[in-house]
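As structure tokens, the structure follows; a few thoughts come after it.
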Amino acid sequence: MRRLPRLSSCTNAQHRMEWLLCVSTGNDVELVYNTMEDALLHARRGDGPFFIEAMTYRLTGHMMGDPEVYRTKEEVAQARENEPIRRLERRLRSLGTRTQSSPAWKPRLTV
């Protein structure tokens with residue numbers, strides 16, 4: 001595989017692309033879904049390309065046995081509380097559509 005040269009010191013894709021629809025967090029299922037709907041409409045209208053950057057957090061190390069000295073246990077615990085499935089479950093409960101006794105929610109997206 002040929003490695004492409006780094007063209008920018010910018011690490012965030014949204015600062016390099018004019019046609020970006022950005023999701024501030026990939027942990028918010030509703031936000032990602034709504035952004036994807038907007039992007040599909042954009043594409044179907046023939047308005048050109050789009051790119052969605054869904055920023056999220058890796059809950060485990062880079063590999064088995066990773067000592068993870070680059071982050072604290074508190075940081076990981078906080079990220080675990082903001083994890084997409086837990087976040088969606090809290091949202092559904094707040095809407096009254098999900099309770100402890102409800103069967104598991106299974107999303108269905110048709111494209």
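Since every read-out is calculated from the coordinates, none of them should be taken as a lab result. Not measured: the values here are computed from a predicted model. So basically every Cβ, Gly included, is an ideal-geometry build from the backbone, and we count neighbours across all protein chains shown.
Distances between placed amide hydrogens fall under 5 Å for PHE51 paired with LEU21, all partners being 5 or more residues away or on another chain.
The packing ranking, built from the mean of other Cβ atoms within 10 Å per residue, places the peptides 50-56, 70-76 in the order 50-56, 70-76, highest first.
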